[in-house]
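What follows is calculated from the coordinates using simple rules that are stated; it is not laboratory data. Predicted, not measured: the structure shown is a model, and the values here were computed from it. Cβ atoms come from the backbone with ideal geometry, glycine included; neighbour counts cover every protein chain shown.
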Amino acid sequence: MELNEKQNKEKIISWISFILVIFVLGGMFWYVYQEQNNTIAGFQENAQRLQQENEAVNKTLDEMTKNLDKTNTGFQNNVEQLQQENEMVNKTLGTANKTLNELKKTLAKTNDELAVVKFVCSGFTECKQQMGKMLQERLLKRNGIDTFTEEGGGTGLNFYKYFLVPQKWDGSADPVSNEMLAFIKAECPAKIYNQQGFLVSKSRYRISKTKIAEIIMDNSDDGSSEILCAWTVDETTKQFQKID
C-alpha cells in the first residue's frame, strides 16, 4: 500500500512538474518575444552588481587586514568569514558570467526570440520535444509554407548504417531511397551520416497534394530541439529542395 501511495505521489509530482514546465515555456516565450534585449541587459546588470559587491567585500577585507595588527586576534575569525563570503561572491559572479556568455552564444547562433526559451528549456525532455515541434512549424512558415499537416516520421534513426547498406531500414520507419541519401550527403551536415551511432529523428509534413516537407532533428540527447536539415520533396518528379 505504501509503495502504491509513493508511486501515486511520484506520478502526481511528475504531472505537476510537466504542467509547470509548459506554463514556464508559455510565459518565457511571451516574455522573450516582448523584451529579448531587456533579458540580456538584466544579466549584464546582475553581473555588474555582483562585481561591485565583490569589490566592496575585497575593500572591507583589506581594511580588516590592516587593522588586525592594531586589535586583538579575535578579528581573525571575522577575516576568515569575509574570505568565505568573498569566495562565494566570486563563485556566484563566475556562474553569472558563464550563464550570460552561454546565453549570448545561443542568441548569436539562433538569432530569434526563441533562444532564451530554448536555453531555459534545455533541462526538460518534454519541454525540448514541444520546442522541437514549435521550431519545425516556424521553419515551415518562415519559408512561406502556411498550410501543412503532420504525417509522421521516425525517431532514433541512424543514417550512418544506411549509407553503408542503403536498402536496409527499420520496420518502424520509411524506406530511404538512394536519391534521399545522395541529397543528404550533398546538402546536410556531415555528422548526420558520418558518425557511427549518431541518432536523428525525421518528421514529415504534407504541404500540398504532391509535395511533402521533411525535417531532420538531433535525437542523440533524448528530445533535442536542434534542426539539422530540412527539405521538400515533389512526389511526382522526385526532386528535393533544401529549406533553411
- line: Exposure-ranked with fewest Cβ neighbours within 10 Å first, Thr232, Thr147 stand as Thr147, Thr232
task: Take Arg206, project a point 7 Å from its Cα along the Cβ direction, then tell me which residues of region 132-159 have their backbone nitrogen under 14 Å from it.
output: 147-153
field: Net lengthening on full extension, Lys185/Asn58 (0.36 nm per residue, minus Cα-Cα)
entry: 40.0 nm
field: Sequence-distant residues sharing a close amide H with Leu228 (under 5 Å, placed H)
entry: Ile216, Met217, Asp218
field: Listed pairs Lys133/Lys211; Lys128/Lys211; Lys11/Lys141; Lys11/Lys211; Lys185/Lys209 exceeding 31 Å between Cα atoms
entry: Lys11/Lys141; Lys11/Lys211
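I want the local charge near Lys242. Using Cβ-Cβ distances under 12 Å, sum +1 for each Lys or Arg and -1 for each Asp or Glu among the other residues.
Details: positive: none; negative: Glu187, Glu214, Asp244.
Here the count lands on -3.
If you stretched the chain out fully between Asp146 and Gln196, how much longer would it get, using 0.36 nm times the residue separation minus the C-alpha to C-alpha distance?
Values: separation 50, 0.36 × 50 = 18.00 nm, distance 3.60 nm.
This chain segment gains 14.4 nm when fully extended.
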